[in-house]
Amino acid sequence: MNDHKPLFILNGPNLNRLGRREPEIYGHHTLADVEAWCRVAAGDWPVVFRQTNSEEMLIGSVHEAIDEEAAGILINPAAFTFTSLALLDALKMFKGPIIEFHISNVHRREPIYHRSYVSMTATAVMAGLGAAGYPEAVRALKRLATEGRR
Ligand code: DHK
């Protein structure tokens with residue numbers, strides 16, 4: 001019997017072009033590949049997997065996770081990581097664990113990618129593992145949720 005609340009896996013702008021976008025940085029796999037890997041890693045935990053180029057839509061998904069009392073949020077906010085106080089304010093309302101995920105090591109890139117608003121409320125941050133890091137992040141999120149971490 002599966003009684004887990006859902007894991008929300010949320011992806012921000014331009015990640016719909018994964019595989020075609022700067023593959024030297026983000027790799028050749030697509031977001032559909034990432035979703036499949038995440039669903040396997042989630043096992044019997046329900047998954048809500050979304051990508052949006054809209055800050056409003058991304059924040060709306062965070063509100064949905066709050067209202068559904070989701071088990072956890074795995075979020076790659078992409079560029080909104082570094083620009084959106086509105087996204088930070090939404091994530092601060094979530095009571096469960098939050099993993100901030102970046103395909104690339106943002107700290108080894110241009111300075112514009114070095115200051116994350118999301119990190120001010122994330123439970124954990126993963127960066128630089130490549131797209132193949134997503135399922136690792138899902139497994140980590142399940143553990144954090146099981147441990148009742150925030
Ligand atoms: C993805 C993006 O789209 C960029 O804006 C970030 C992040 C890096 C990533 O590595 O997944 O700077």
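The values are calculated or read from the model by the stated rules, or taken from the named source; none is laboratory data. These numbers come from a predicted model, not from an experiment. We place every Cβ from the backbone using ideal geometry, glycine too, and count neighbours over all the protein chains shown. SASA here: full protein model, heavy atoms, side chains in, ligands and nucleic acids out. Shrake-Rupley method; radii C 1.70, N 1.55, O 1.52, S 1.80 Å.
Quick check: net charge around Leu15, other residues with Cβ under 13 Å of its Cβ, Lys/Arg +1 and Asp/Glu -1? Walk me through the numbers before you get to the answer.
Values: positive: Arg17, Arg20, Arg21, Arg50; negative: Glu22, Asp33, Glu35.
Residues near Leu15 contribute +1 overall.
Relative contact order of the stretch 42-150: 30 percent, from C-alpha pairs under 8 Å at least 6 residues apart in sequence.
Between beta-carbons, use under 15 Å as the cut-off and find the net charge around Asp3, counting Lys and Arg +1, Asp and Glu -1. Please list the in-between numbers first.
Working: positive: Lys5, Lys142; negative: Asp44, Glu68, Glu69.
Once positives and negatives cancel, what remains is -1.
Order 132-140, 16-24 from most to least packed using the mean count of other Cβ atoms within 10 Å. Can you show the working numbers first?
Values: 132-140: 19.0, 16-24: 13.2.
My ranking of the peptides, most packed first, is 132-140, 16-24.
With Cα atoms defining each centre, the stretch 105-150 and the stretch 1-78 are spaced 13 Å apart in the structure. Ligands, DNA and RNA are left out, and with a 1.4 angstrom probe the accessible area of the chain is 50 Å² per residue. The Cα trace of the chain gives Rg and Dmax of 14.1, 48 Å, the first to one decimal, the second as a whole number. Working note: Karplus 6.51/-1.76/1.60 with θ = phi - 60° gives the stretch 104-120 the couplings 8, 7, 4, 7, 9, 9, 4, x, 4, 9, 9, 10, 9, 5, 4, 4, 6 Hz, where Gly and Pro are set to x. Between Ile25, Ile66, Ile75, find the one with the highest GNM mean-square fluctuation for the chain; connect C-alpha pairs within less than 10 Å. Most flexible of the set in this elastic network: Ile25. Mean-square fluctuations from a GNM of the chain, with a 10 angstrom spring cutoff on Cα atoms, peak among Leu58, Leu15, Leu85 at Leu85.
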